[in-house]
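Trainee: Here you go, one structure.
The values are calculated or read from the model by the stated rules, or taken from the named source; none is laboratory data. What you see is a predicted model, and the numbers here were worked out from it, not measured in a lab. Because the Cβ atoms are built from the backbone with ideal geometry, glycine has one as well, and the counts that use them run over all protein chains shown.
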Amino acid sequence: MGLGGIALANLLNPATRAAPTGSDHGQLGAPTLAPRAKRIIYLFMSGGPSQLDLFDYKPLLNQKHGQQLPEEVRGGQRLTGMSGNQSSLPLVGSPFKFSRHGQSGQWVSEILPHTAGISDDLCMIHSMHTEAINHGPGVTFLQTGSQIPGRPSMGAWLSYGLGSESEDLPSFVVMITKNKGGQPLMTHLWGAGFLPARHQGVRFRSGGDPVLYLNNPKGITEGSRRLLLDRLRELHEHQFQNTPDSEIQTRIANYEMAFRMQSSVPEVTDFSDEPDHVFEEYGPDSRDPGTFAANCLLARRLAERGVNFIQLYHQDWDHHGGLPNSIKNLARETDQPAAALVRDLKRRGLLDDTLVVWGGEFGRTNYCQGKLEGASFGRDHHPRCFSTWMAGGGVKAGHTHGETCEYGYNIVNDGVHIHDLHATLLNRLGIDHERLTYKFQGRRYRLTDVFGKVVQGVLA
């Protein structure tokens, strides 16, 4: 009876089951600090959304609309090749109205009414900055801690450090809004770099097969697939005895995860159990797989099932021209779903241990790229200051951190570098960013490289 009781307890409590070969509870074994969050949902707006038209209200730009950017404000800072040769750098104010919202009184643009409605849940950072001035290095920097491709991505580092809460789903899932243009997104952004390959992100796609090559071919039953994997595992284990290569264990773990995902992925991507009011909250696009709204709803379902890092990409925020109309359209696509995700998590008691992050790779200039003619204009890349918001997961709600000058061109106080953001995200998950390392080619690497400090001012 005692042995039977142990077996029964093991079956009834999946958390007590031994991890499959090649999998573990992470290199750290357990958080090194008191964790405030268990998972991250990162809403990445690829292309560099204009903080001056969304969150960072600068009425002086409207007063000086069309006047030249003062040299003392620019301070000789580097410009891109797209506007660096302009003979004129005319300031351009936002065409959108800004209002204060909630008890926190945060400024939010009129084109983000749903985000304005959750302003008291947001921790707004106006003082983000980076060295990257072009998209490829900029996105890579945000996602991997280095401007040069090849380093592990954030989600891979978390998978390596903390392992996974879910037995049947990967610890790191990636989704990209379908049918969007803009700058390309390369697989190294969610890759494992020099970490074992099992830590790389698994991309979920829209359509019949959310994960490529997951389903069995015609004529192959679940039973025959199980027999094949059992024999293949025996061969790999025999190979590992003679050649103890960690990638052999990774291969075993990936095969086993794929087998379990054959049932878990169809279940998590099936929205038929969601009530109508949930679709209404996320917006009309939420019934269309692959849209940003549907991906936000799927992110909540994945969070409920123990996925540690959920990365959503939304492209086409690169507005060198035609900004007023383009950014309104993108706001319409993303505003309601992002706010609904925060509300939905909060209602279900998940926001306390889920850290939601919204932002792009850099900001936009306060001057017009090209000639300022009529109501339409563009803004160039601006790495010196941009805005990011977070919600839940142990950050201050209804809080604004950092400040930019009245021209929206330079940081006045409390600057937050990319490495600082990474250190802070890891801290909320209970990880000392200096202790999460991996030795490669004779050097110990980490997500924050040899930099980064936790931004104490945003911690709850």
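Trainee: Look at segment 88-145 and say how many of its residues are polar (S, T, N, Q) and farther than 27 Å from Leu185 by Cα. Quick ask: steps written out before the conclusion?
Mentor: The first filter runs over segment 88-145 and keeps only residues polar (S, T, N, Q), leaving 88, 94, 99, 103-104, 106, 109, 115, 119, 127, 130, 134, 140, 143-144.
When the remaining residues are screened for being farther than 27 Å from Leu185 by Cα, the result is 88, 94, 99, 103-104, 106, 109, 119.
Qualifying residue count, segment 88-145: 8.
Trainee: Name, by its number, the condition in (1) among the hydrophobic types (A, V, I, L, M, F, W, C); (2) over 16 Å from the mean Cα position of the chain (by Cα); (3) assigned to a strand (DSSP E or B) that does not hold for Trp358.
Mentor: With (1) among the hydrophobic types (A, V, I, L, M, F, W, C); (2) over 16 Å from the mean Cα position of the chain (by Cα); (3) assigned to a strand (DSSP E or B) applied to Trp358, the lone miss is (2).
Trainee: From the residues in segment 160-186 that are closer than 26 Å to Ser263 by Cβ and among the small types (Gly, Ala, Ser), which one is surrounded by the most Cβ atoms within 10 Å (Cβ to Cβ)?
Mentor: Among those that are closer than 26 Å to Ser263 by Cβ and among the small types (Gly, Ala, Ser), it is Ser171.
Trainee: Just name the residue that is surrounded by the fewest Cβ atoms within 10 Å (Cβ to Cβ) out of those in segment 418-460 that are hydroxyl-bearing (Ser, Thr, Tyr) and in a loop (DSSP other than H, G, I, E, B).
Mentor: Per the stated criteria, the residue is Thr437.
Trainee: Only one of (1) under 19 Å from Ser171 (Cβ atoms); (2) among the charged types (D, E, K, R); (3) under 24 Å from the mean Cα position of the chain (by Cα) fails for Glu281. Which number is that?
Mentor: Condition (1) is where Glu281 drops out.
Trainee: Starting from residues that are of a type in the set (Val, Ile, Thr) and surrounded by fewer than 21 Cβ atoms within 10 Å (Cβ to Cβ), keep the ones in segment 269-309 and report whichever is nearest to Arg348 (Cα to Cα).
Mentor: In the first step, residues of segment 269-309 are kept if they are of a type in the set (Val, Ile, Thr); the result is 269, 278, 291, 307.
After this cut, where a residue has to be surrounded by fewer than 21 Cβ atoms within 10 Å (Cβ to Cβ) as well, the list is 269, 278.
Values: Thr269: 19, Val278: 12 Å.
Looking at residues that are of a type in the set (Val, Ile, Thr) and surrounded by fewer than 21 Cβ atoms within 10 Å (Cβ to Cβ), I get Val278.
Trainee: Ok, one more. Considering segment 361-378 alone, what residues qualify as being touching a residue at least 60 places away in the same chain (Cβ under 8 Å), buried (at least 20 other Cβ atoms within 10 Å of the Cβ) and over 15 Å from the mean Cα position of the chain (by Cα)? Walk me through it before giving the result.
Mentor: Going through segment 361-378, the residues touching a residue at least 60 places away in the same chain (Cβ under 8 Å) turn out to be 361-372, 375, 377.
Applying the additional criterion that residues be buried (at least 20 other Cβ atoms within 10 Å of the Cβ) yields 361-369, 377.
Gly363, Arg364, Thr365, Asn366, Tyr367, Cys368, Gln369, Phe377 - these are the residues of segment 361-378 that are touching a residue at least 60 places away in the same chain (Cβ under 8 Å), buried (at least 20 other Cβ atoms within 10 Å of the Cβ) and over 15 Å from the mean Cα position of the chain (by Cα).
Trainee: For residues in segment 383-417 being hydrophobic (A, V, I, L, M, F, W, C) and within 19 Å of Leu89 (Cβ to Cβ), which is surrounded by the most Cβ atoms within 10 Å (Cβ to Cβ)? Step through it out loud before you land on a result.
Mentor: Taking segment 383-417 as the starting set, the residues that turn out to be hydrophobic (A, V, I, L, M, F, W, C) are 385-386, 389-391, 395, 397, 405, 411-412, 416.
Now restrict to residues that are within 19 Å of Leu89 (Cβ to Cβ): 385-386, 405.
Values: Cys385: 27, Phe386: 29, Cys405: 15.
Filtering segment 383-417 for residues that are hydrophobic (A, V, I, L, M, F, W, C) and within 19 Å of Leu89 (Cβ to Cβ), the one surrounded by the most Cβ atoms within 10 Å (Cβ to Cβ) comes out as Phe386.
Trainee: Do you know which residues across segment 361-378 are part of a loop (DSSP other than H, G, I, E, B) and either modelled with pLDDT of 95 or more or not basic (Lys, Arg) (or both)?
Mentor: Of the residues in segment 361-378, the ones part of a loop (DSSP other than H, G, I, E, B) are 361-362, 369-372, 374-375, 377-378.
Within segment 361-378, Glu361, Phe362, Gln369, Gly370, Leu372, Gly374, Ala375, Phe377, Gly378 meet the criteria.
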